[in-house]
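Undergrad: Sending over a structure as C-alpha cells; questions will come in a sec.
The values are calculated or read from the model by the stated rules, or taken from the named source; none is laboratory data. These numbers come from a predicted model, not from an experiment. Quick reminder, even Gly has a Cβ in these numbers, built from the backbone with ideal geometry, and neighbours come from all protein chains shown. Accessible surface is based on the protein model in full, side chains and every heavy atom, while ligands, DNA and RNA are left aside. Shrake-Rupley method; radii C 1.70, N 1.55, O 1.52, S 1.80 Å.
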Amino acid sequence: MHRFVRREAVRIGPLGARVCSVSPGLIDTPQGRQESASHPGMELLLRQTPLGRLGRSEDVAAAVAFLLSSEAGFLSGIDLLVDGGVCAAVRTRAGRM
C-alpha cells in the first residue's frame, strides 16, 4: 500500500489530486477484540504502546478527517500511522538490543 500511495501521488499530483493511506494500530473494535483474543502477542503490543491504551475508532476518524481537510493540503504520498506510538516503541526497543 505504501508503494502504491507514493506512486499514485506522483501520477495524480499534476492533476491537483492527493493520495494518502492510514495505518491504524490496535483499535478497540469488535474485530480488534476478536483478533486480540486469538493472538496473545497483541497484548504485548498493547503494553508497549506509549499512550497506554487501545485506539478508538474516533481516533482513526479524526486522522482521516484531518487528511481530507484543507489543513493537510500539502500532504500526499504518505502513510499516516495512527497507532499510539507502538511502532516507534517497538523499533526503539529493537534498536537497543
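Undergrad: Per the Kirkwood definition applied to all pairs of different Cα atoms, how many angstroms is the hydrodynamic radius of the chain? Could you put the intermediate results ahead of the total?
TA: Numbers: mean 1/r = 0.0667 Å⁻¹.
Result for the chain, one decimal place: 15.0 Å.
Undergrad: Residues of the range 1-24 with backbone nitrogen within less than 13 Å of a virtual label 7 Å along the Cα-to-Cβ line of Asp79, please, listed as ranges.
TA: Answer for this model: 1-7, 20-24.
Undergrad: Another question, then. For the chain, what does the accessible surface come to per residue with a 1.4 Å probe? Please give it in Å².
TA: On the way: 6890 Å² over 97 residues.
In whole numbers, the chain has 71 Å² accessible per residue.
Undergrad: Non-local amide H neighbours of Asp79 (under 5 Å, H modeled in plane, Pro and chain starts lacking H): which ones?
TA: Ser21
Undergrad: Right, next: Based solely on its DSSP helices, what 222 nm [θ] is calculated for the chain when runs of n ≥ 4 H residues each add -39,500 (n - 2.57) and the sum is averaged over all residues, nearest 500 deg cm²/dmol?
TA: -15500 deg cm²/dmol
Undergrad: Quick one: pull the percent of accessible area on the chain belonging to carbon and sulfur, 1.4 Å probe, ligands and nucleic acids left out.
TA: 61 percent
Undergrad: Where does the charge balance sit around Val82 when Lys and Arg score +1, Asp and Glu -1, over other residues with C-beta under 15 Å from its C-beta?
TA: In short, -3.
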